[in-house]
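What follows is calculated from the coordinates using simple rules that are stated; it is not laboratory data. Please read these numbers as outputs of a predicted model, since none were measured by experiment. FYI the Cβ positions are ideal-geometry reconstructions off the backbone, even for glycines, and counts take in every protein chain you see.
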Amino acid sequence: MATLNFGGVEEEVVTREEFPLDKARETLKDETIAVLGYGVQGPGQALNLKDNGFNVIVGQRKNSSTWDKAVEDGWVPGETLFEIEEAAQRGTIVQYLLSDAGQIAVWPTVKAALNPGDALYFSHGFGITYKDRTGIIPPENVDVILVAPKGSGTSLRRMFLEGRGLNSSYAIFQDATGNAKDRVTALGIGVGSGYLFETTFKDEVYSDLTGERGTLMGAIQGIFAAQYEVLRANGHSPSEAFNETVEELTQSLMPLVAENGMDWMYANCSTTAQRGALDWWKKFRDATKPVFENLYEEVAAGNEAQRSIDSNSKDDYREKLEGELAELRESEMWKAGKTVRQLRPENTPVEEEVAE
Ligand SMILES: NC(=O)c1ccc[n+]([C@@H]2O[C@H](COP(=O)([O-])OP(=O)(O)OC[C@H]3O[C@@H](n4cnc5c(N)ncnc54)[C@H](OP(=O)(O)O)[C@@H]3O)[C@@H](O)[C@H]2O)c1
């Protein structure tokens, strides 16, 4: 563990220097890692673990296009790709990467497949934290651990292939074997994490649900929509409204924030922009903070979890989600966005002049 200073607050983190991949491989050399579910997080973690030299199998229900995707990715039916139940039986570490609603539905099967000393691994604190609602109550003789990459499974894989790593949190809910810490650390390094920071199942799910409903996804779309609508109502063209709301942010400004922080991005804009942004950001904070407080209360009360369980357990949940996504896609703002993206120079190759 390394103690690092985060804005004046000290935190213990695990880096790849202190827990190198060789040590992770040595720790898990006798383990079979069964990755259950091949949605978004499943492929990222399973492929990174495999490429890092771990013994990995995948569990996925058949008669699903997701099974075909696993085959296309090189998993071999009967050798490294199995039905969920068989993979869970074969694994000594069971990575439970079904959707949260899927985890509830399949839990009786997975529970029955766990042997004493196995590790049950999650990438989200949802199933365990809301156990009264999910019914996911693990037997006492297995380790229960968590590694939650802070990003999409797609990014986890892409960054791994670029030689980079996505930061992850880790937690231990139950240490039945006495080896839970080594197991979870080795898995965190194995799936391709940058650095690992400690959390609890509860903190992971509270912060995750707040973040995705908040600045990462819900709030940002809400703020985009509000600004776009005001610009349009005042007669600005879709092109102008979209560029001033989204395109400049994603293409020009956020990469600067990612590189060196908000002040640096501000410092690279005009002094007029800096004056205005410095004057207005606190108004936006004060206006939205009550919404964030309400959001956190809803998450902590379990209401957000229940809404998600209820709607994503329905047979037609994917169609319903797709319908609501189509509403976003078909809004003027995002239709304008499609046109703006098509007009990016990289998407409109100019024919090279032929030299005489
Ligand atoms: N998405 C991310 O990048 C991300 C990031 C961090 C953490 N996580 C966590 O990682 C876990 C997996 O998330 P995900 O986004 O990868 O999930 P997902 O894409 O929604 O996973 C779907 C997987 O679950 C299976 N599944 C769903 N319902 C099922 C059922 N009733 N019976 C059997 N299989 C079922 C699907 O099979 P079919 O395709 O056959 O339906 C598919 O393999 C979750 O705990 C999530 O919170 C995800």
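Quick notes
- Mean-position separation - Cα centroids, the range 300-330 and the range 188-204, in angstrom: 27
- Pairs over the 32 Å Cα-Cα cut-off, from the set LYS29/LYS320; LYS111/LYS181; LYS69/LYS111; LYS131/LYS338; LYS202/LYS314; LYS131/LYS320: LYS29/LYS320; LYS131/LYS338.
- Spread of Cα-to-Cα distances over 10 Å intervals beginning at zero, given as percent, for the range 214-342: 10, 30, 35, 21, 4, 0
- Rounded tilt (10° steps) of 218-233 against the dominant C-alpha axis of the chain: 20
- Restricting the calculation to Cα atoms, the range 2-199 shows an Rg/Rh of 0.95 when the hydrodynamic-style radius is the Kirkwood one.
- Between 0 and 90°, nearest 10: helix 317-329 axis offset from the chain longest Cα axis: 20
- Net dipole in debye of the range 2-199 [+1 Lys, Arg Cβ; -1 Asp, Glu Cβ; about Cα centre; nearest 20]: 460
- Subtracting the Cα-Cα distance of LYS289 and ASN52 from their residue separation scaled by 0.36 nm leaves 81.1 nm.
- The smallest convex shape that holds all Cα atoms of the range 138-226, its convex hull, gives 104 Å³ per residue.
- The angle between the Cα long axis of helix 303-312 and the main principal axis of the chain comes to about 80°, on a 0 to 90 degree scale.
- Alpha-carbon centroids, the range 79-123 and the range 234-281: separation in whole Å: 45
- When the convex hull of its Cα atoms is viewed from all sides, the chain shows a mean projected area of 23.7 nm².
- Proximal aspartates and glutamates relative to LYS289, as straight alpha-carbon distance under 15 Å, when same-chain residues fewer than 8 apart are discounted: GLU297, GLU298
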